[in-house]
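Accompanying notes for the structure given below.
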Amino acid sequence: MEQLLLNGISMGCIYGLVGLGFILIHEAVGVSNFAQGDFVMCGAYLGVTTALILKLPLPLAVLVAVLATGIVGYLFHLIAYVPLRVRPPITVLITTIGLGIAMRNAALVIWGPWPRAQPPFLGTQELHVAGLVLPSQSLLIIAVTLLVLLGQYLLFSGTRLGRMLRATAMDQEVARLMGIPVRRTIALTFVLSAVLAGVAGVMLVPVFLVSSEMGLAIIFKAWVGVVIGGFGSIPGAFLGGLAVGVLEILSAAYISSAYKDAIVLLILMLTLLFRPQGFFGEVVAEKI
Amino acid sequence: MRLVPSPWGRIFIFSLLGIALLAVPALTTNYTLRLVNNAGIYMLLVLGLNFILGFAGQLSFAQVGFFAIGAYVSALMTLDLGVPFFAGIGAAVLATGACAIVLGMPTLKLRGYYLALATFAFAEIVRHVATNWSEVTRGAAGVVGIPPATIGPLTLVTDRQYYYLILVVVVLGYLVAVAVQNSKFGRSFEAIRESEVAAQSMGIDSPARKLLAFTLSGVYGGIAGSLHAHLFSVVSPDEFSFDVSIVVLVALLLGGSGSPLGAVVGAALVIALPELLRFLQQYYQIVYGLGIVALMIFMPEGLTGLGRRLAAGGNWRGRG
Amino acid sequence: MIRFEDVTKRFGGLVAVNEVSFEARETTIHAIIGPNGSGKTTLINCLTGVYRPDSGRITLGAHRLDHLPPWTVARAGIARTFQTIRLWKSMTVLENAMVGHDAQTHSGILSAILRSRAFKAEERAMRERAMEALEFVGLEERARSRAGDLPYGRQRLLEIARALCTEPRVLVLDEPAAGMNPNECEELTRRIAKLKDHGLTVLFIEHNMRLVMGLSDWVTVLDFGRKIAEGPPGEVRANPAVITAYLGQSRSRA
């Protein structure tokens, strides 16, 4: 039971990190980034490259992979967002779809069609903690997530850069009037978003089979988390993802493994129908 | 057809077009004919998406879900219940229409990205049910041995025979779309798309109109699904993945969103291009993805939009 | 005829409209004036169903209007124009006006697809009605132009024509004279006066005081969301509270 719960929480952390990256871009530029899951895939493949192919020491491999994913995020924003700055957000949504397809298939060409795998980072499958036998990678994921969240919190509330990011996310126009370099801040938002997804991707390598399609399943669950949390709320996006992770594992265990996806989908539909603003989002009145 | 204003000119062109279309089966190989038939089915899907996205301006990923429902309902009714083809397609229409209404009523009130997500979820749910409700849908293996379409005494078996059926359906679908466009409904859709508040303030019940557009898109998807089931005589869940909705979307954008002609042209291109670009092998998908980005940056109004601008002698900058 | 009773509308902490009560009588031309941000457009949006008031009532005769969706309010006979022009710019001038008449038609989608006789008759009626409205505002020559290509002042007239096609009993105009030169204002005044002769009630928001004084039968003044004065135009103009509100704007609110 504890194992299950821990696995659920750790998957939830993954969904939460991905959802967090998704909502950051959404709040900053009003765009739903359909390729967010493919950033996760990038992180995973880059992690495989640095750790298994280049055989760098593990902490360095992780760092390099995550930073490289951030660079991918920057390039992505140059192609998918910058040329379409003045167009309606729906065009950017479509370019993110297109670029996501290109990224997935580029990965296929670069790394080949066979899924990659890697042993858990801590070397052992399980840890014995407080008399319980717990999966080590899950613990690591949770620990890393907490670190990342702490880092993000410090960044946002403590640094000037963080304040710029928040201001731009809240209202681009006002941020521009306040003298914030909005274009650079948006680029940074994409990079930050990609980094979050990259962390999730690298952490997933021992747990998931790394393939070009892995992003799709993850982004979908992360979205459900964002919807449940509420589109206007950044912490809500993370908590929603966490909830989805736990719900998913519990449904698989206690109801049916085949239908666990259906249950997640059902929860999505119900939330959209009965509480579209999610649990933490705000219903914003449209000003005419 | 502003390019050819004179009525005799128009009759001439349409006659040429008609003869060309009727002659197609004689001029192509069986493989190409199968492609053409598939293109025709996609034309219906894209014409359907055009109602909700092109006309009413609401992004929907539901087309593949309607496609699947139409295919399965037709397949199962003709195979398991032994009903004739037209009853099967009729049931597909009813099923998809009903699904569109049930899905559309609560979700069309929500903001743009919510509808996109909700329709995505709907399509995924449909695929999920198709995969897992094995007692009815035969699960992941799919339904095989779907009886061929029958029109009265005729049984349609060859691609050539299906070509004529699909041709008629596509032409009708196109004419209906144009009729809707040139009516108060078409105008109200465009009004809703450009400023829903203004449309509402002029007395237009926009949720109801959007629901109408959505239902039309669903019905077109259902008919496409039905034809698909009988043409291929096999349906399986993995044919109905999210990628199909993307292809339909790309087809509409490529041809020109808001234009029935664009829908038809886009569908044809989106089926033809993978064949023509076969030499790219595994790089094709990368080119496809980047092509979507390029399309949005350089030609967001699609080919018909570009054509319209050229005909008007206007400027080249994209309007998006 | 239209009665506002203690209508209040809040946006978060800001009270845009604060317990506003007044009545617009039938076949009068009734102006709503006040400094910028006094809640005039918000009040109108509450009337036409774009916003839902947080408290209070709005009635048209015996019918309650608040809490109704905009299309129901429009069908009850209240048509409007917008402060920021909301035309459908890619459609033609004629098409814009025709859409105004949509709610008056009854043929269904099947009739449209099959091009039934009833449908064709309705399309013809829509076109004729739209042309009439365009003639009334002097836009019939530009019927086939793209609405977005019209000059600003003409676009405002098109909005009026479109609103007239809804066959309203009440016409609500939000700053109809904005951006118009004195000649165009004269034309506008004449046309609005003619509407009154046709039995319409006109409720309008304006900053152009000449227009307000020359045209209206009754004026309501708002400031900071509250009604501060009301009466015939001559009285309101001399009202010290009104003068302060406007002068106060140029001094402290600029």
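The values are calculated or read from the model by the stated rules, or taken from the named source; none is laboratory data. Given the structure is predicted, the values throughout are model-derived calculations rather than measurements. Note that each Cβ is placed from the backbone with ideal geometry, even for glycine, and that neighbours are counted across all protein chains shown.
Side notes on the structure shown:
- Hey, residue A:89 within 14 Å of chain B (Cβ to nearest Cβ), at pLDDT below 80 and more than 14 Å from residue A:201 (Cβ to Cβ) or not: yes
- Subset of the stretch C:89-105 [more than 17 Å from the chain's Cα centre (by Cα), within 16 Å of residue B:202 (Cβ to Cβ) and part of a loop (DSSP other than H, G, I, E, B)]: C:89, C:91, C:105
- Total residues in the stretch B:4-40, condition surrounded by 13 or more Cβ atoms within 10 Å (Cβ to Cβ), hydrophobic (A, V, I, L, M, F, W, C) and closer than 26 Å to residue B:225 by Cα: 6
- Any hit, the stretch B:135-148, residues being among the aliphatic types (A, V, I, L, M), over 23 Å from residue B:216 (Cβ atoms) and within 14 Å of chain A (Cβ to nearest Cβ): yes
- Considered as a group, the residues in the stretch C:125-146 that are more than 10 Å from chain B (Cβ to nearest Cβ), of a type in the set (A, V, I, L, M, F, W, C) and part of a helix (DSSP H, G or I) include one that is nearest to residue C:189 (Cα to Cα), and that residue is C:137.
- Of the residues making up the stretch B:59-80, at least one is surrounded by 13 or more Cβ atoms within 10 Å (Cβ to Cβ), under 29 Å from residue B:239 (Cα atoms), in contact (Cβ under 8 Å) with a residue 60 or more places away in the chain and out of contact with any helix residue (DSSP H, G or I) (no Cβ under 8 Å at 6 or more places or on another chain).
- Total residues in the stretch C:70-88, condition more than 7 Å from every other protein chain (Cβ to nearest Cβ) and farther than 16 Å from residue C:168 by Cβ: 4
- For the stretch B:193-220, a residue qualifies if it is under 20 Å from residue B:45 (Cα atoms) and facing another protein chain (nearest Cβ under 7 Å), and exactly one does: B:212.
- Scanning the stretch C:175-195 for residues that are farther than 15 Å from residue C:212 by Cα and either among the small types (Gly, Ala, Ser) or buried (at least 16 other Cβ atoms within 10 Å of the Cβ) (or both) turns up C:179, C:195.
- Of the set (1) within 20 Å of residue B:245 (Cα to Cα); (2) more than 14 Å from chain C (Cβ to nearest Cβ); (3) in contact (Cβ under 8 Å) with a residue 12 or more places away in the chain, all apply to residue B:177 but (2).
- The condition (being of a type in the set (A, V, I, L, M, F, W, C) and at pLDDT below 80) is satisfied by just one residue among A:175, A:194, A:169, A:187: A:169.
- Residue in the stretch C:219-226 that is of a type in the set (A, V, I, L, M, F, W, C), crowded, with 16+ Cβ neighbours inside 10 Å and assigned to a helix (DSSP H, G or I) present: no
- Restricting the stretch B:269-294 to residues that are buried (at least 20 other Cβ atoms within 10 Å of the Cβ) and within 29 Å of residue C:90 (Cβ to Cβ), the residue that is farthest from the other protein chains (Cβ to nearest Cβ): B:270
- Members of the stretch C:96-124 that are of a type in the set (A, V, I, L, M), more than 10 Å from chain B (Cβ to nearest Cβ) and closer than 19 Å to residue B:177 by Cβ: C:110
- Annotation: of all residues in the stretch A:108-120 being among the aliphatic types (A, V, I, L, M) and more than 10 Å from chain B (Cβ to nearest Cβ), the one that is surrounded by the most Cβ atoms within 10 Å (Cβ to Cβ) is A:117.
- Cβ-Cβ distances below 6 Å connect the following pairs, each with a first residue in the stretch B:100-113 that is more than 9 Å from every other protein chain (Cβ to nearest Cβ), a second residue that is of a type in the set (Ser, Thr, Tyr), and a separation of six or more residues or different chains: B:100/B:215; B:101/B:215.
- Here is the figure for the stretch C:112-130: residues that are of a type in the set (Gly, Ala, Ser) and crowded, with 18+ Cβ neighbours inside 10 Å total 2.
- Restricting the stretch C:35-49 to residues that are assigned to a loop (DSSP other than H, G, I, E, B) and at pLDDT 90 or above, the residue that is farthest from the other protein chains (Cβ to nearest Cβ) is C:49.
- Residue A:109 vs. criteria in contact (Cβ under 8 Å) with a residue 12 or more places away in the chain, of a type in the set (Val, Ile, Thr) and over 19 Å from residue A:55 (Cα atoms): no
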